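What follows is a single structure, written as structure tokens, with notes after it.
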Amino acid sequence: MMRFDDLQLFVRAADLGSLSAAARVMDLSPAVASAALKRIELQLGARLLARSTRSLRLTAEGEGFLEYARAALGSLEEGRRLLASDQEQVSGVLQLSAPSDFGRNVLLPWLDEFQREHPRLNVRLLLGDRIADLFRQPVDIALRYGEPEDSSLVALPVAPDNRRVLCASPQYLARAGEPRQLEQLAQHNCLLYMLGSRVHDRWSFSEGRREVNLTVSGDRLSDDADVVRRWAVSGVGIAYKSWLDVAADVQAGRLRVLLPGLLCERAPLNLLCAHRAQLSKPVKLLREKLAHYCAEISRQAPAGHKG
């Protein structure tokens, strides 16, 4: 494979009529320049420059090859400019993984707006609550609740202050009663889902200075957090969900926040990627938009959940 800088040196030497002058322009030593020229002549099996102590001229083979060398360098430079231009524009393919509930019910309209603003951008969205393997799965970035278990991942905050809330529908509370103390959750049907690879049945809270951890149970379990939210809305039990996921239901009256003075466990939303090189312009712009909208929703959280 012919080296780019070797081609540059040959063209510069031909233009300047001097190998040493070309070396100075490219900040090379005479020995390195001479070795580069010998390398390209060896690869081509032809002498390109006829040199003496006072002059340098192109050989017939050098004159013929010079046109192709210029064309090759020009094509490479045009490719570099095109790539730089694409990086300045929001275009290409963005492959994104997101939690099922947040993705379907919160993220989708934001992505629609983002693509209307940047029509040259294509989005591929994978939804699921399992942690995406960013080194193996065909995704560039992932949105996930909680702190990343893999410390090698790059994690950027999107909604760092987000927390879970206890919630249930008015129909369920009318039928089963509303818990006034945390310990009364043992008497209720708690809706469970998978958090990573385990069942999220140990719910944590803060009451003043008291930390409370309760193991809850219920008759329904799903690996899809959106299903759990739907169960809660339909009136079959109590859910412990991210405020971002249920805010619209609470505001519409489909769900009610229980024990609003409680400080519930943190559920920060982060943008994860395997390498910082994946933080392209589209990714950075999308993160800014998501952080803005999530902050708007967080401001509407119950006072006790803003800790």
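The values are calculated or read from the model by the stated rules, or taken from the named source; none is laboratory data. Keep in mind it's a predicted model, so treat the numbers as computed, not measured. Here Cβ is always computed from backbone atoms with ideal geometry, including for glycine, and neighbour counts include all displayed protein chains. Note: accessible area is taken over every heavy atom of the protein model, side chains too, but ligands, DNA and RNA are not part of it. Shrake-Rupley method; radii C 1.70, N 1.55, O 1.52, S 1.80 Å.
In Å², what does the accessible area per residue of the chain work out to with a 1.4 Å probe?
Details: 16260 Å² over 307 residues.
That works out to 53 Å² per residue.
What fraction, in whole percent, of alpha-carbon pairs in the range 134-204 exceed 14 Å separation? The partial results should precede the final answer.
On the way: 1819 of 2485 pairs.
In whole percent, the long-distance tail amounts to 73.
Mind giving me the FRET efficiency for ARG198 and SER152? R0 is 22 Å, r the Cβ-Cβ distance, nearest 0.05 is fine. Show your work: numbers first, answer last.
Details: r = 21 Å, r/R0 = 0.98.
Rounded to the nearest 0.05, the efficiency is 0.55.
For the range 17-27, what does the Karplus curve 6.51 cos²θ - 1.76 cosθ + 1.60, with θ = phi - 60°, yield as ³J(HN,Hα) per residue in whole Hz, taken in order and with x for Gly and Pro?
With coefficients 6.51, -1.76 and 1.60, one gets x, 7, 5, 5, 5, 5, 4, 5, 4, 8, 6 Hz.
Using only Cα atoms and rounding to the nearest 10 degrees, what angle (0 to 90) does helix 4-16 make with the longest principal axis of the chain?
Here the helix axis deviates by roughly 40 degrees.
In the chain, what percent of the accessible surface is made up of carbon and sulfur (1.4 Å probe, ligands and nucleic acids excluded)? Numbers along the way, then the final one.
Numbers: 8240 of 16260 Å².
Carbon plus sulfur share of accessible area: 51 percent.
Spelling out what I want: for every residue of the range 61-71, take phi, set θ = phi - 60°, compute 6.51 cos²θ - 1.76 cosθ + 1.60 (Karplus), and round to whole Hz; glycine and proline get x.
5, x, 5, x, 6, 4, 4, 6, 5, 4, 5
Binning every alpha carbon pair distance of the range 255-307 at 10 Å from zero, what are the percents per bin?
Reading the bins upward from 0: 19, 39, 25, 15, 2.
Name the residues whose placed amide hydrogens come within less than 5 Å of the amide hydrogen of LEU195, ignoring near sequence neighbours (fewer than 5 apart) on the same chain.
Excluding prolines and chain starts, which carry no amide H, the hits are HIS200.
Run through the range 100-199 and list the trypsin sites (Lys or Arg not before Pro) located in a DSSP loop whose Cβ has at most 16 other Cβ atoms within 10 Å. Present the calculation step by step, with values, prior to reporting the outcome.
Values: sites: ARG104, ARG116, ARG120, ARG124, ARG130, ARG136, ARG144, ARG163, ARG164, ARG175, ARG180, ARG198; in loops: ARG120, ARG130, ARG136, ARG180.
Those satisfying the criteria are ARG120, ARG130, ARG136, ARG180.
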